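J.: Before I ask anything, let me first share the structure, which is written out below as structure tokens.
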Amino acid sequence: MRKNIGTAKIIIGVGIALLLACFMWALYRGMGIIDTAKRHKEVQSINDGGSLIYTTAHLSPNTVVEQTFSLEGEKIDAVGIFAATYARTNSGQIEVCFSTDNMSKKWLINSADLEDNSYCYFKLDDELSSREGQIAKIKIVSFTQSNEQSPTVYTTKNNNDEHTRTLTINGVPVRDETLCIKLASGTYAFVPYLYWSLCIIMLAAACGLYVLAIRGENKIEIITLVSVLALSLLYSLVFPPFSVPDEKVHYATAYSYSNKMMFDYSDTDTYISMRKDDVEMLVNTNVSVNLTDVAYAADNFSFAVKDDSASRYPDGPMTYRLLSYFPQAIGITIGRLCHLGAYPTFYLARFFACAFFAVLLYIAVKIIPFNKGALAVIGVLPMTLHLAGSCSYDPYTIGMTFIMIAQFVKLIYGHGGISAKETVVTLIICLLAIPYKIVYFAVPCLALLIPRERFKKLRIATIASYILIGLAGILILQLPSRLNQLTGQGNFAAKDTYTLQMLIKNPLYTIKMYFVTLFDTSSWYYETMIGKRLGWLELDAPSLYIIFFTLLLLLAFVKKEDDEYHTFNIPAKILSGIIAVVTVAVTMLVLCIDHTSTSSMHIQGVQGRYFIPILPLVMLAVRNNTLVLKKDIDRYLVLAGGMANIFLLLRVCLGMLT
């Protein structure tokens, strides 16, 4: 029977929506969005990043400062000069002239109008389409009245060897210095529109999650499916292209599989065939989360492809198999067949990854006989959603490992005998999950916990088949690429890395390296697993979010009063712990061989996100009968996690757009 939503819940929901809308408006007014929209968009900087020199270019009366430099072929509509007023009102005027071989423009401004310690921009009448290598000159003439009331233009160390870059003051050359100059084209006027577009989507998502949670007839798996899909789509929209770790190489690999779907087998280890627009997007887009990258995407966004001529991306695909990238490859293929632009095609790949992960998590929640809400809460962790909304293989790896754990828990706590169908399904799940990420090979050992009475016959053979099927897949798909690391010297970032042979021959040193690494970085592993560092680990979420999501996890795994299932017994807890320890150890071993220099005592490259797939197993192991919840609050935990993610994404938006 359909239950009506009470008036009180409706009022609470409307109140939450209004508070969230007011909060968004307050952020818009008070956090610099409006000021950002007026900022000039930098296309070339003459400041090479050297130390500022404050007094060299002091604009005393009748001072003439001239700077020549070469242009980079960008369109220019404004010229900026970094000035200082010493926080006083200066007198007189200064004349600024910008000229090239085919244009010249002068401005006369009052010294009192200059802002202290900031760039002062001078607008050109018409946009200049410069040529690469074209010589430009800026000339500043001071008509101030006294030294004490004259501004200064900053200079910096000239780290550029170009002979075209020269600075003179009153005709005297100044060696190794250059004016701090920025050339701009347009402004960030799109920022308010982008901010409010994202805010409206977030507000709609918040309202949808609230309605979904308070409707009593909605099962937790449906809540999980919709919540994870909506939130991961939000993450995919908020974060710029390639701002998820290694997303460029993941997208390129998915593109290579898209080529195969379209019967193009020309890709090699050194290049991937792509449309020219796609190559330009990959080559010219940075991997950071900042306004410059967002502006580049906004400037080059086009729903229809501009140039679909054949080109090559100068890097080969990774060796992971098709299933890891299947949803992304489908999205890319659809985008190409529909002649969509580079960015719509990229976002289609992300959207398909979001939908695929949401479906996998839905299946896992539906399979597991208890603690369904716990899997749902893990699904709405910031890092889980961040990875789910990307072109990485992580949506597949995390989702399939969750399904595998859920299937074994179902076999352990099921009733009656295990049917042939259940055995075949379990074997298929192991084969689909394990070979694609070697570090999770120990998870099928959960089969050892299946009660003897559940097997009609051949118990040992069945358990062994669960375990060996995953190992066989590893041998077939992963081991050949690892054989050279048994004795061969690895290399990462032009440095020699450890080999398996070196680690085995020096067991005490290996144990010490493990201990030192875990002692120094274990808290960082946990925080990054939750979502402390997003993007390329440059976005630092407040510790309050880590505490909040930790609390949600603990509440999600607490036993419910009406839960008919028992907690893991001591042997099950021990085995789960061993599986988790083995997974962590193998993960660190792989990164030690792949990424760690022989001169380092710390294992490099390990991130908390690698441990998300085994998090359900760890939490099930710590579940006990000491704490019992009298009411099932799983739906509200998912709602709380969703709301926290929306506030976190708002924070990311502000940092990115301001």
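The values are calculated or read from the model by the stated rules, or taken from the named source; none is laboratory data. What you are looking at is a predicted structure, and each value in this text was computed from that prediction instead of being measured. Glycine also receives a Cβ, built like all others from the backbone with ideal geometry; neighbour counts cover every protein chain displayed. These accessible areas exclude ligands, DNA and RNA; they are computed on the full protein's heavy atoms, side chains included. Shrake-Rupley method; radii C 1.70, N 1.55, O 1.52, S 1.80 Å.
J.: Tally the residues that are of a type outside the set (D, E, K, R) and either in contact with a Leu (Cβ under 7 Å, 6 or more places away or on another chain) or in a loop (DSSP other than H, G, I, E, B) (or both), restricting the search to the range 253-276.
T.: 8
J.: Starting from the range 294-306, keep only residues that are surrounded by 16 or more Cβ atoms within 10 Å (Cβ to Cβ), then list their pairs with residues that are in a helix (DSSP H, G or I) and not hydroxyl-bearing (Ser, Thr, Tyr) whose Cβ atoms are within a distance under 6 Å, requiring at least 6 positions of separation or different chains.
T.: Val305/Asp277
J.: I'd like to verify a number: residues in the range 79-114 that are open to solvent by 80 Å² or more (accessible area, probe 1.4 Å), part of a loop (DSSP other than H, G, I, E, B) and at pLDDT 85 or above, how many?
T.: So the answer is 2.
J.: May I pose another question? For the range 540-556, state whether one or more residues are open to solvent by 20 Å² or more (accessible area, probe 1.4 Å), of a type in the set (Asp, Glu), assigned to a loop (DSSP other than H, G, I, E, B) and at pLDDT below 90.
T.: no
J.: Separate question: Could you go through the range 121-130 and let me know if any residue there is farther than 22 Å from Asn158 by Cα, out of contact with any Asp or Glu (no Cβ under 7 Å at 6 or more places or on another chain) and not in a strand (DSSP E or B).
T.: No, because not a single residue in the range 121-130 is farther than 22 Å from Asn158 by Cα, out of contact with any Asp or Glu (no Cβ under 7 Å at 6 or more places or on another chain) and not in a strand (DSSP E or B).
J.: Does Trp25 satisfy the condition of being of a type outside the set (Lys, Arg), within 30 Å of Leu648 (Cβ to Cβ) and at pLDDT 90 or above?
T.: It is true that Trp25 is of a type outside the set (Lys, Arg), within 30 Å of Leu648 (Cβ to Cβ) and at pLDDT 90 or above.
J.: Go through the range 405-439 and give me each residue that's within 19 Å of Phe326 (Cβ to Cβ) and not hydrophobic (A, V, I, L, M, F, W, C).
T.: Matches in the range 405-439: Pro435, Tyr436, Lys437.
J.: Follow-up. Trp196 passes all but one of (1) buried (at least 17 other Cβ atoms within 10 Å of the Cβ); (2) under 41 Å from the mean Cα position of the chain (by Cα); which number fails?
T.: (1)
J.: State whether the residues of the range 59-78 include one that is hydroxyl-bearing (Ser, Thr, Tyr), outside any loop (DSSP other than H, G, I, E, B) and under 18 Å from Glu42 (Cα atoms).
T.: yes
J.: Suppose the filter is open to solvent by less than 50 Å² (accessible area, probe 1.4 Å) and either touching a strand residue (DSSP E or B) at 6+ places or on another chain (Cβ under 6 Å) or at pLDDT 90 or above (or both); does Thr178 pass it?
T.: It is true that Thr178 is open to solvent by less than 50 Å² (accessible area, probe 1.4 Å) and either touching a strand residue (DSSP E or B) at 6+ places or on another chain (Cβ under 6 Å) or at pLDDT 90 or above (or both).
J.: Next question. Considering each of Arg635, Arg623 in turn, give the residue that is of a type in the set (Lys, Arg), open to solvent by 40 Å² or more (accessible area, probe 1.4 Å), within 14 Å of Val377 (Cβ to Cβ) and touching a residue at least 12 places away in the same chain (Cβ under 8 Å).
T.: Unique residue meeting the criteria: Arg635.
Let's see how each residue does on (1) crowded, with 24+ Cβ neighbours inside 10 Å; (2) touching a Cys at 6+ places or on another chain (Cβ under 8 Å); (3) assigned to a helix (DSSP H, G or I):
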| site | (1), (2), (3) |
| --- | --- |
| Phe357 | yes, no, yes |
| Pro369 | no, no, no |
| Phe402 | yes, no, yes |
| Lys410 | no, no, yes |
| Lys421 | no, no, yes |
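J.: I've got another one for you. Only one of these conditions is not met by Val43: (1) of a type outside the set (S, T, N, Q); (2) at pLDDT below 90; (3) part of a strand (DSSP E or B); (4) closer than 19 Å to Asn158 by Cβ. Which number is it?
T.: Answer for Val43: the failing condition is (4).
J.: Please determine, by comparing only the residues of the range 310-326 that are modelled with pLDDT of 90 or more and open to solvent by less than 50 Å² (accessible area, probe 1.4 Å), which one is nearest to Leu237 (Cα to Cα).
T.: For the range 310-326, the residue satisfying everything is Tyr325.
J.: Limited to the range 327-340, what total is found for residues that are surrounded by fewer than 23 Cβ atoms within 10 Å (Cβ to Cβ) and either touching a residue at least 40 places away in the same chain (Cβ under 8 Å) or hydrophobic (A, V, I, L, M, F, W, C) (or both)?
T.: Matching residues across the range 327-340 total 7.
J.: Take Leu234 and tell me if it is hydrophobic (A, V, I, L, M, F, W, C) and farther than 26 Å from Val377 by Cβ.
T.: In short, no.
J.: Here are the criteria: (1) in a loop (DSSP other than H, G, I, E, B); (2) buried (at least 16 other Cβ atoms within 10 Å of the Cβ). Tell me which single one Val279 does not satisfy.
T.: Val279 satisfies every listed condition except (1).
J.: I would also like to ask the following. When only residues in the range 122-143 that are under 27 Å from Ser91 (Cβ atoms) and free of Cβ contacts under 8 Å to residues at least 60 places away in the same chain count, which is surrounded by the most Cβ atoms within 10 Å (Cβ to Cβ)?
T.: Top of the filtered list is Phe122.
J.: How about the range 371-400: which of its residues are more than 19 Å from Leu322 (Cα to Cα), open to solvent by less than 10 Å² (accessible area, probe 1.4 Å) and not in a helix (DSSP H, G or I)?
T.: Passing the criteria: Val380, Leu381.
J.: Something else: Taking the range 565-603, which residues are under 24 Å from the mean Cα position of the chain (by Cα) and in contact (Cβ under 8 Å) with a residue 60 or more places away in the chain?
T.: Residues satisfying the conditions are Thr583, Thr587, Met588, Val590, Cys592, Asp594, His595, Thr596, Ile603.
J.: A further question follows. Give the residues of the range 231-267 that are in contact with a strand residue (DSSP E or B) (Cβ under 9 Å, 6 or more places away or on another chain) and among the aliphatic types (A, V, I, L, M), sorted by residue number.
T.: Those that are in contact with a strand residue (DSSP E or B) (Cβ under 9 Å, 6 or more places away or on another chain) and among the aliphatic types (A, V, I, L, M): Val244, Ala252.
J.: Being open to solvent by less than 20 Å² (accessible area, probe 1.4 Å), at negative phi and in a helix (DSSP H, G or I) narrows it down to one residue among Ile579, Ile603; which is it?
T.: Unique residue meeting the criteria: Ile579.
J.: Then there's this: When you scan the range 350-360, do you find a residue that is under 12 Å from Tyr251 (Cα atoms), touching a Pro at 6+ places or on another chain (Cβ under 8 Å) and of a type outside the set (A, V, I, L, M, F, W, C), even just one?
T.: no
J.: Please work out which residue is modelled with the highest pLDDT, limiting yourself to the range 145-166 and to residues that are touching a strand residue (DSSP E or B) at 6+ places or on another chain (Cβ under 7 Å) and assigned to a loop (DSSP other than H, G, I, E, B).
T.: My answer is Pro151.
J.: Return the residues of the range 209-252 that are open to solvent by 40 Å² or more (accessible area, probe 1.4 Å), of a type outside the set (A, V, I, L, M) and assigned to a helix (DSSP H, G or I); say none if nothing qualifies.
T.: Lys248
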